[in-house]
Amino acid sequence: MTASNTTDSTAFDITDWLGEWESFEHYIDSDDAAIQQIWEAAEQAVLANPKMAPMAARGIRTFWSMACSTTSPENIIHIGYWRVNEPAAESGSTDDAALAIEWFAEDDTSLDTYEYTIDHVIEHGLEGSPTFVFHTTDPAAEDSPFRWLLAINPLPSRKAFAEGGLLSHLHFQYANDLHTLVATDEATGTETLRNPRWYATMCANEGTVEDRCAIIRALHHLQ
C-alpha cells in the first residue's frame with residue numbers, strides 16, 4: 001500500500017514514531033466531499049487498469065476497508081488512534097523499551113497503554129519489507145490482543161511532511177501471541193506472515209483534508 005518510501009527500513013528512529021496517529025479507516029469512511037471525490041477518481045483509475053480492476057470489483061473503498069481493518073479475531077473494537085510517546089524513565093514495566101503506545105477506540109476511549117521493546121526484525125514482513133517485532137512484558141498485557149505488535153517504519157519520515165512531503169503512514173498487525181501472526185520454518189528459521197494481506201494502517205494525525213487527499217492520490221498514482 002505504501003505511497004512513498006524514503007525511510008531506512010531497518011533503522012529505528014523514535015522521532016518518526018512519536019505523536020498522534022489516526023487509522024486509515026477514517027480516510028476510507030470519510031464523508032468529506034473532497035475525500036469522496038478523490039476516492040471516486042481512484043476507483044475509475046483502478047477500473048481502467050485491467051491488472052488492477054479486480055481490486056475495485058466491489059468498490060475500491062470496500063477493498064481497502066477489508067485490507068486495512070484494525071479489528072482482529074481477538075479484538076472487535078476498531079482502533080481509531082494511537083498516541084506514541086517515549087517510554088517512561090525507570091517505569092519498570094518493560095526493560096529497555098523502545099516506545100510507548102496508547103491505543104484508542106473510535107470514540108477516543110483509551111483501550112490500553114503499553115511500553116514495547118523491539119524483540120527482533122523480520123527480514124521480509126509487511127509489504128515484503130523489514131518489519132519490527134515489538135513486544136510488551138507488562139503483566140497487565142498477559143491477555144491483551146496488543147501484547148505483540150508488528151510494524152514497518154513510518155513512510156515517509158515524519159520530518160518529510162514539514163518539508164512539503166506526504167503525511168507519514170505505517171502498516172501494522174497485532175495479537176496476543178506472536179505465533180498467531182508469524183510462522184517459522186523449522187528447517188531454516190525463516191519467518192513469514194500468516195496473513196500477508198492484512199494491512200492495518202495508521203497515518204500521522206496532522207495536516208489538512210488536502211493532505212489526506214494527497215495520500216489517496218499517491219496510493220493510486222493519480223496526478
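Nothing in this text is a laboratory measurement; each read-out follows from the coordinates by a stated rule. Owing to the predicted nature of the structure, the values given are computational and were not obtained by experimental measurement. Ideal geometry is used to build each Cβ from the backbone, glycine not excepted, and the neighbour counts take in all protein chains shown.
Inter-part distance, region 92-155 to region 179-213, computed on C-alpha centroids, equals 12 Å.
The value of relative contact order for the chain, using C-alpha pairs under 8 Å at least six residues apart, is 25 percent.
Could you tell me which label, among (1) 10; (2) 17; (3) 20, carries the value of percent of Cα pairs over 32 Å apart calculated for this structure? From the options (1) 10; (2) 17; (3) 20, the structure gives (2).
Could you work out the longest stretch of the chain that avoids the trypsin sites (Lys or Arg not before Pro) located in DSSP loops with at most 10 other Cβ atoms within 10 Å? Please list the in-between numbers first.
Working: sites that count: LYS51, ARG197.
The reported range is 52-196.
Local charge for PRO87 was computed over the other residues whose Cβ lies under 9 Å away, with Lys and Arg +1 and Asp and Glu -1, and equals -3.
Placing a label point 7 Å from the Cα of THR10 along the Cα-to-Cβ direction, the residues of region 138-155 whose backbone N falls under 17 Å of that point are 152-154. Calculated mean residue ellipticity, 222 nm, the chain: -6000 deg cm²/dmol, from DSSP H runs (n ≥ 4) at -39500 (n - 2.57) each, averaged per residue and rounded to 500.
If we count GluC sites (Glu not before Pro) as exposed when they sit in a DSSP loop and have at most 13 other beta carbons within 10 Å, what is the longest stretch of the chain that avoids them all? Longest site-free region, per DSSP loop and neighbour criteria: 1-89. In the frame of its principal axes, region 91-223 has Cα extents of 46, 37, 26 Å, reported largest first. If only the Cβ of Lys and Arg carry +1 and only the Cβ of Asp and Glu carry -1, the dipole of the chain around its Cα centre is close to 1100 debye.
If contacts are Cα pairs under 8 angstrom and at least 6 residues apart, what is the relative contact order of region 43-84 in percent? Spell out each step's value before the answer.
Working: 21 pairs, mean separation 9.0, N = 42.
RCO, region 43-84: 21 percent.
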